[in-house]
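Take a look at the structure set out below.
The values are calculated or read from the model by the stated rules, or taken from the named source; none is laboratory data. Worth saying up front: this structure is predicted, and the values here are computed from it rather than measured. All Cβ positions, glycine included, derive from the backbone under ideal geometry; neighbour counts span all protein chains shown.
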Amino acid sequence: MLRLVCPSCRKDSFSSEVESFKNCPYCGAKFSGRYGIDKRHKERKERELPVVFSYDNTSFQAQTIDFSDKGLGIKISGNPLLARGETIELTIGDLQIRAKIIWVKNLNDNAVAGLMKVN
């Protein structure tokens, strides 16, 4: 367990990892041990939906982690080499979304990415 200090109320809390945003058990502020206070203006909803997209002439299977009006997080099967700043077309059910890759984190057998919707 890792000790985290809330940037808002300065009280200690504990977590098994430092990257996810969690609410402080004392004041309710949403923060991450690594990134600090959550700066998102829109609340993200956690929901897992299947996603298909194509990048660099390769088709990928993914699943949403969370989403908001302006963006979404996805978990991608395999370990694709996605470039920050590139724009991709996603298919989620009947919905087509065009999104810009904001960040990518490659893990052992998959990757997670943060995407911002574009018009």
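Of all residues in segment 11-27, those that are of a type in the set (Val, Ile, Thr) have Cβ atoms under 9 Å from Cβ atoms of residues that are exposed (fewer than 11 other Cβ atoms within 10 Å of the Cβ), 6 or more apart or on another chain, in VAL18/LEU2. The set of residues in segment 102-118 that are more than 13 Å from ILE76 (Cα to Cα) and of a type in the set (A, V, I, L, M) comprises ILE102, MET116, VAL118. Kindly evaluate ARG34 against the criterion of being more than 27 Å from ASP69 (Cα to Cα) and without any contact (Cβ under 8 Å) to a residue 40 or more places away in the chain. No.
Any chance segment 45-62 includes a residue that's modelled with pLDDT under 85 and either within 30 Å of ARG3 (Cβ to Cβ) or in contact with a Pro (Cβ under 8 Å, 6 or more places away or on another chain) (or both)? Within segment 45-62 (the criterion being modelled with pLDDT under 85 and either within 30 Å of ARG3 (Cβ to Cβ) or in contact with a Pro (Cβ under 8 Å, 6 or more places away or on another chain) (or both)), the answer is yes, since at least one residue qualifies.
Only a single criterion out of (1) part of a strand (DSSP E or B); (2) in contact with a Cys (Cβ under 6 Å, 6 or more places away or on another chain) is not satisfied by TYR26, namely (1).
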